[in-house]
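Heads up: the structure comes next, in structure tokens.
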Amino acid sequence: MWWERVLPQVDAYISVHVLEEIQKGDRTAAQKRESACENIPVLERRTDVDKLAKEYLAKAGLPDIAELDA
């Protein structure tokens, strides 16, 4: 499993957007996802990163729905 094989070899981080996304859907599945991420540090949201992501979306021609993926 990826978590067991790769995670110990990297410094993993997640964003607040990931936390929001993993809480969606089936409650039992969401709890499993939350549990799997509980020891992964959450990155602070920064306005400079948000600005860069918006510029990336505009230049890449991606739809607004892709904003959280940028």
Name the pairs whose Cβ atoms lie under 7 Å apart, with the first residue in region 41-53 and under 24 Å from L7 (Cβ atoms), the second in a helix (DSSP H, G or I), and 6 or more positions between them or separate chains?
V42/V16; V42/L19; R45/V16
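Hand me the list of helices (runs of 4 or more DSSP H) wholly inside the chain holding 2 or more residues that are hydroxyl-bearing (S, T, Y).
On the way: elements: 2-5, 16-22, 27-37, 47-60.
Those helices (runs of 4 or more DSSP H) span 27-37, 47-60.
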All but one of (1) under 16 Å from the mean Cα position of the chain (by Cα); (2) modelled with pLDDT under 90; (3) aromatic (F, W, Y) hold for Y13; which doesn't?
(2)
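The values are calculated or read from the model by the stated rules, or taken from the named source; none is laboratory data. This structure is a prediction, so every number in the text was calculated from the model and none was measured. Don't worry about glycine lacking a Cβ; one is built from the backbone with ideal geometry, like all the others, and counts go over all protein chains shown.
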